[in-house]
1. Take each of the peptides 138-145, 72-79, average the number of other beta-carbon atoms within 10 Å over its residues, and list them starting from the highest.
2. Give me a comma-separated list of calculated 3J(HN,Hα) values for the stretch 84-93, in order, Karplus coefficients 6.51, -1.76, 1.60 applied at θ = phi - 60°, integers in Hz, x for any Gly or Pro.
3. Give me, ordered by chain and number, the residues 5 or more places off residue 66 or on other chains with an amide H under 5 Å from its own placed amide H.
4. So if I place +1 on the C-beta of Lys and Arg and -1 on the C-beta of Asp and Glu, and nothing else carries charge, what would the dipole magnitude of the chain be about its Cα centre? I want it in debye, nearest 20.
5. Can you list the residues, at least 5 places off or on another chain, whose amide H is less than 5 Å from the amide H of residue 127, using H built in the peptide plane?
6. With the Cα gyration tensor of the stretch 4-83 in hand, convert its eigenvalues to equivalent ellipsoid semi-axes via √(5λ) and list them largest first in whole Å.
7. More than 15 Å apart: what percent of Cα pairs in the stretch 89-132 qualify?
8. Could you list which residues have their amide H under 5 Å from that of residue 113, counting only those 5 or more apart in sequence or on another chain, with H placed in the peptide plane?
Amino acid sequence: MQHKRFAAMPCPIARGLDRVGEWWSILILRDAFAGATRFDAFQKNLGIAPGMLTRRLNALVDSGLLEKQRYSEKPPRDAYVLTERGRDFRPVLLAMMAWGNRHFAADGIRVQMVEAATGVPADPVLVDRRTGRVLVEPDYVVMRGMQA
């Protein structure tokens with residue numbers, strides 16, 4: 001369910017948090033990127049109560065991050081698949097993972113991004129898709145956009 005106070009805010013961070021700010025939602029998306037699509041897989045991976053999982057999955061579907069795909073009619077069962085909007089959340093998850101590893105992995109890094117061919121750890125950063133340049137100050141700054 002979207003919060004009207006966030007949905008009406010012009011801040012894109014507030015609007016994004018309105019869709020995925022609840023931590024169960026972010027963990028569900030993490031598991032979806034890892035290949036989970038079925039209710040029982042999400043529940044097993046997360047140890048989440050069924051009612052909470054149902055609410056979070058419905059909210060992610062309502063927000064357009066996941067879509068339901070029926071895989072069984074009797075009994076009715078749906079898979080939850082990432083949409084384009086959901087797949088666009090991947091860089092956010094990778095940035096959160098890198099930040100968590102950098103600042104909160106006192107007991108060691110348990111999950112990290114690596115180069116598939118070599119296994120060499122990657123250091124995810126945000127880059128400009130157009131130029132490939134790393135988005136760091138003072139070269140790049142945040143400014144207000146054009147209002148419609």
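1. My ranking of the peptides, most packed first, is 72-79, 138-145.
2. So the J values, rounded to whole Hz, are 4, 4, x, 5, 5, 7, 3, x, 5, 4.
3. Residues meeting the criterion, in which the H sits 1.01 Å from N, are 61, 83.
4. Dipole size: approximately 440 debye.
5. Counting only residues 5 or more places away or on other chains, the set is 135.
6. Gyration-tensor ellipsoid for the stretch 4-83: 24, 13, 11 Å.
7. I get 50 percent for the Cα pairs in the stretch 89-132 exceeding 15 Å.
8. Placed amide hydrogens put 122 under 5 Å from residue 113.
Coordinate-derived values only; no laboratory data. These figures come from a predicted structure and were not determined experimentally. Please note: Cβ atoms are built from the backbone with ideal geometry, for glycine as well, and neighbour counts cover all protein chains shown.
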